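Read through the structure below, which is laid out as structure tokens, and then see the notes.
The values are calculated or read from the model by the stated rules, or taken from the named source; none is laboratory data. Everything quoted here is computed from the prediction, not taken from an experiment. Surface areas here come from the heavy atoms of the whole protein model, side chains and all, with no ligands, DNA or RNA. Shrake-Rupley method; radii C 1.70, N 1.55, O 1.52, S 1.80 Å.
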Amino acid sequence: MRPALPCDLLVTADVMLTQDDERRVVDDAAVAVTAGRIAALGSRGQLSGFIPAQTLHLGRALLMPGLINAHTHVAMTFFRGLADDLPLMQWLMQYIFPREKRLTADIVELGALLGCAEMIRTGTTAFLDMYLIEDAVTSAVDASGLRCVAGEGIFAFPSPAYGTAEEGLALVEAQTRRWQGHSRIRTAITPHTVFTTTPRILEDCRDLARKLGLPLHMHLAETPEETDTCLATHGKRPLAYCRELDLIGPDVTFAHVVDVTEEELDMLAANGVRVVHNPKSNMKLASGVAPVAGMVARGMLPGLGTDGAASNNSLNMFGEMSACALLHKVYSRDPTVLPARTVLDLATRGGAASMGWPELGRLITGGPADMLALDLCSPNFQPLHDLTSHLVYAASGYELRLSMVEGNILYHDGRWMTLDYPLLLSETRKLKQWVQDNAL
Ligand SMILES: [Zn+2]
């Protein structure tokens, strides 16, 4: 007989999808959690030796790892629905940038709290973020209980958080010191794009990333227009320009990567560069279709991201998975392209790799206790033929019953546990007012 083992929490449910290396699916499942990590997982019988301080029997529910939103601007909820149906450059230059100049820490924090509430509600447990006044974002993330890699957007022009880009990078160093050692919050160096920075700024970003040992994250090759601008300004396509600046490597994560050639894909794969695919944002802004099937064929596993709520318009990773699978099938006219299993991998394991946090996106012994439980009684899951299929093609995200990060429950059966959602909902009036007051 095995000795009894104490644990903080024992969660049980009808079935568990681990997303581990073997993609094991376990019936009558149990997960033992201690100090924010998974002490053990398996069938209920296998874990019968645990003596939990607390027990959560979920019954007809599916346990799975939390989804990872690998590229977003979580605070941008205040721009949701403000300026739809426009091309990227017009949208950015006429509607977004002029208002962003006037952002305050209070507005950014409130927008980020709202974004965190939406992500918690729809099954995201970790995300890679880039925005302005990012310290206000990380404060919101800290309060929400979510996990995040956060970066202050670096531009060649003044931001509401700093004057020059040099001052911006000094701010990044201060933010990195502030969050050093935090178990859920890390920082990244995040130059905005090749067309909103200069070669000198990108070199400074690269050097600071190396000095601090941080990942570098940037939008890249989002549209053919970006390529034309880069060719006109620097004489090179965006990826060649980045290579010239020594910005190609395994600690670099590029978002979008739509306008790329086969040779450029070879170069990205050969150098272990991480990529994030944003299908809904790319579709809504008509930016084009990222060659994700070509990336996967080369052994790359991109992450999946919603981008901001102004260009999506939601932060729901279930919606993103569905959009991803459908987009690539219709684009290639091949229904076998990007099967549900691959898409679920992108939203979990691919996102973990894109964040530079590889222990996320799977449920394994010793790994972080970041997991979800979905309601298996939901009519859109019946008759439960194939869980992976249901998650990608049938789920809305609102089947979520439980969200947990680092062993802490963030949402449970209709209630946000870390956020005062009714209060937050009433505060969002301020966001609408701010957007109206700062009309052009
Ligand atoms: Zn973006």
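In what order, largest first, do Arg210, Arg341, Arg23 sit by accessible area if the probe radius is 1.4 Å?
Correct descending sequence by accessible area is Arg210, Arg341, Arg23.
Given a 1.4 angstrom probe, what's the average accessible area per residue across segment 45-91, in square angstrom?
Each residue of segment 45-91 exposes 38 Å² on average to a 1.4 Å probe.
For segment 67-354, just say rounded, prolate or oblate: build the C-alpha gyration tensor, square-root its eigenvalues into a ≥ b ≥ c, call rounded for a/c under 1.5, and beyond that prolate if a/b exceeds b/c, oblate if not.
rounded
Name the lysines eligible as straight-distance cross-link partners of Lys432: C-alpha to C-alpha under 26 Å, and not fewer than 8 places from it in the same chain.
Lys101, Lys280, Lys284
Among Lys430, Lys236, what's the order by accessible area (1.4 angstrom probe), most exposed first?
Ranked list, largest accessible area first: Lys430, Lys236.
What's the extension gain from Asp228 to Ala156 if we count 0.36 nm per residue and subtract their Cα-Cα distance?
Result for the pair: 24.0 nm of gain on full extension.
Could you tell me what percent of the accessible area of segment 253-342 is made up of carbon and sulfur, with a 1.4 Å probe and every protein chain present?
Solvent-exposed carbon and sulfur of segment 253-342 make up 57 percent of the total.
Please turn the phi angles of segment 67-79 into ³J(HN,Hα) values with the Karplus equation 6.51 cos²θ - 1.76 cosθ + 1.60 (θ = phi - 60°), one per residue in order, whole Hz, x for glycine and proline.
7, 10, 8, 7, 7, 8, 10, 4, 6, 6, 4, 5, 9
Mind listing the long-range amide H neighbours of Thr197? Cut-off is under 5 Å, sequence gap 5 or more, other chains count too, H placed in the peptide plane at 1.01 Å from N.
Ala156
Only bridges with both residues in the chain count here: give the DSSP antiparallel percent, nearest 5.
The antiparallel fraction comes to roughly 45 percent.
Could you give each residue of segment 353-358 its phi-based ³J(HN,Hα) in whole Hz, using Karplus coefficients 6.51, -1.76, 1.60 with θ = phi - 60°, and x for Gly or Pro?
5, 5, 7, x, 10, x
Identify which of Arg44, Arg362, Arg121 has the largest mean-square fluctuation in a Gaussian network model of the chain, with springs joining Cα atoms closer than 10 Å.
Highest fluctuation of the listed residues: Arg44.
Would you work out what percent of the accessible area of segment 142-240, with all protein chains in place, is carbon or sulfur (probe 1.4 Å)?
With neighbouring chains kept in place, the figure for segment 142-240 is 52 percent.
Relative contact order (percent) for segment 67-354, with alpha-carbon contacts under 8 angstrom and 6 or more residues of separation?
21
Taking amide H positions as placed 1.01 Å from N in the peptide plane, with prolines and chain starts having none, which residues 5 or more places from Lys236, or on another chain, fall under 5 Å of its amide H?
Long-range HN contacts for Lys236: Leu231.
On the full set of protein chains, 1.4 Å probe, figure out the accessible area of Glu263 and give it in Å² to the nearest 10.
Taking all protein chains as shown, Glu263 has close to 130 Å².
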